[in-house]
Every structure is written in C-alpha cells, then in structure tokens.
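Just below is one structure, and these are the notes that go with it.
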Amino acid sequence: MCRIKNEIVAEECRVPYGFTLIELLITGSVMGIIALAIFSTLSMGLKAYHRLQYYGLVQADVLLSLEKMERDLRNARNLIDIQFVGENNKVSFAGGIGPQGGPDLGRISYYFDARDHAFIKKEEDYSSAVYEGSTGQRRFEALASVKNLVFSFCSVNPETWQDSWPSGSGVPQAVRIKITFKGSHKDVEITRTVVMPLFDDLPG
C-alpha cells in the first residue's frame with residue numbers, strides 16, 4: 001500500500017521537460033510577426049531619411065546655382081560684340097569670367113539641358129564669343145539637377161514680359177527665372193526676379 005501511494009505521489013510531482021511542437025510553432029509565429037513589424041518600421045524610416053537627405057542636397061544645389069546666376073546677371077554688360085540674348089530656356093550676356101567672375105570679359109550663358117535634366121553654366125573667353133572658329137577657352141559647369149528652367153524678360157517700354165529677348169535690344173529691365181526640381185514628395189518650383197542694371201552699349 002505504501003509503495004503504491006509513493007508511486008502516485010511521485011507521478012503527481014513529476015515536472016515535464018521542454019516544449020510541445022504547438023508551443024514552438026506559436027512562439028515562432030509571434031516572433032516572426034514582431035521581427036517583420038520592426039523591419040518594416042526601420043525600412044520606412046530609412047527610406048524617408050534618404051529621401052529627405054536627397055531633397056536637401058538638391059535644394060541646396062539649386063539655391064546656390066540661383067545665387068550664382070543672379071550675381072552674374074546683376075553684373076551683366078551689353079557689349080557691342082557680345083549682346084544680351086534671351087530665349088525660353090537660355091540666357092547669354094557679357095560678363096566677368098573665371099573664378100568668382102574674374103576680371104576677364106567674355107560671354108556667360110545659362111541654359112537647361114533637356115537630355116541630362118541639368119542646369120548648365122557656360123563661359124567663353126572674348127575671342128571664342130566674338131570670332132567664329134576661335135580656339136579660345138570654353139568652360140562648362142553642371143550646376144544642379146533640375147526638371148525645367150524657364151526665363152522671361154521684362155521690356156522697359158512698354159513694360160511687358162516676353163519669352164525671348166532678341167540680340168540688339170539692349171539689356172532687359174528684369175529677368176524672371178522659374179526653376180523646377182524634384183522634391184521629396186512632389187515637384188518644387190522656385191521663381192526669382194532679377195532687376196538688371198541699365199548700361200549703354202559698351203565697345204568690345
């Protein structure tokens with residue numbers, strides 16, 4: 001009787017070891033769901049960070065390029081040999097070329113390269129700008145990646161805005177610059193108006 005009673009007590013006190021297959025499957029499923037949620041959150045955060053970082057870099061390039069172009073336009077000259085000429089996607093004029101708009105006079109052009117979606121600055125020394133076929137210096141600089149660049153020009157009398165400015169018309173009263181670039185969620189458009197200095201035609 002005592003031996004049977006002891007066996008019953010031992011059976012009741014026995015502790016099972018390990019987990020059942022169902023418990024393991026449930027635990028694995030829960031851990032998988034938690035890991036997927038964490039990965040999705042981190043992935044979305046990283047994508048947003050990279051998108052904002054890219055937008056910040058592009059915006060900085062565009063703003064710096066606009067500042068450079070505004071400075072050159074305000075220092076533009078209308079030489080007899082290098083006239084101010086404006087088109088819908090391009091503007092060219094006489095000005096100081098070289099580092100920081102150096103003392104040498106030449107032709108400066110800003111235009112939109114539709115193939116590469118780039119905002120381009122081109123500098124030509126005086127001989128290249130005036131004499132066709134000259135082997136003078138030309139320098140190209142890609143300023144920023146943009147989707148579009150549009151110029152319009154304000155005449156003095158009558159005061160109207162137009163899409164082009166023909167050679168021989170002097171310097172316009174103002175130049176309006178409309179630039180479009182890709183933002184973080186949608187296209188961003190910036191418009192600047194530069195009031196031009198009014199100079200008489202200068203000899204080349």
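Derivation of every value follows stated rules applied to the coordinates shown; laboratory data play no part. As the structure is a computational prediction, the values presented were derived from the model and not from experiment. For neighbour counting, all protein chains shown are included, and Cβ atoms are generated from backbone atoms with ideal geometry for every residue, glycine included.
For L143, which sequence-distant residues (separation of 5 or more, or a different chain) have an amide H within less than 5 Å of its own amide H, given hydrogens modelled in the peptide plane?
F119, I120, K121
Rounded, prolate or oblate: which one fits the range 54-195, using the alpha carbon gyration tensor with axes a ≥ b ≥ c (rounded when a/c is under 1.5, else prolate when a/b beats b/c, else oblate)? Please list the in-between numbers first.
Details: a/c = 2.00, a/b = 1.29, b/c = 1.54.
Oblate.
Apply the Karplus parameterisation 6.51 cos²θ - 1.76 cosθ + 1.60, with θ equal to phi minus 60°, to every residue of the range 104-113 and state each ³J(HN,Hα) to the nearest whole Hz, in sequence, with x for glycine and proline.
So the J values, rounded to whole Hz, are 6, 8, x, 9, 10, 10, 10, 7, 9, 8.
Quick one: what are the phi-derived ³J(HN,Hα) couplings along the range 116-125, Karplus 6.51/-1.76/1.60 with θ = phi - 60°, whole Hz, x for glycine and proline?
In residue order, the calculated couplings are 9, 6, 10, 9, 10, 10, 10, 10, 10, 6 Hz.
List the chymotrypsin sites (Phe, Trp or Tyr not before Pro) in the range 73-140 that DSSP assigns to loop (not H, G, I, E or B) and whose Cβ has at most 16 other Cβ atoms within 10 Å. Which are they? Walk me through the numbers on the way to the answer.
Details: sites: F84, F93, Y110, Y111, F112, F119, Y126, Y131, F140; in loops: F84, Y131.
Sparse-neighbourhood loop chymotrypsin sites (Phe, Trp or Tyr not before Pro): Y131.
Name the trypsin sites (Lys or Arg not before Pro) in the range 106-160 that are in a loop by DSSP and that have at most 13 other C-beta atoms within 10 Å, would you? Before the final figure, lay out the partial values.
Numbers: sites: R107, R115, K121, K122, R138, R139, K147; in loops: R115, K147.
Qualifying residues, ordered by number: R115.
In nm, give the distance between the simple-model label positions of R115 and V195, each being 7 Å from the Cα along the Cα-to-Cβ direction.
4.0 nm
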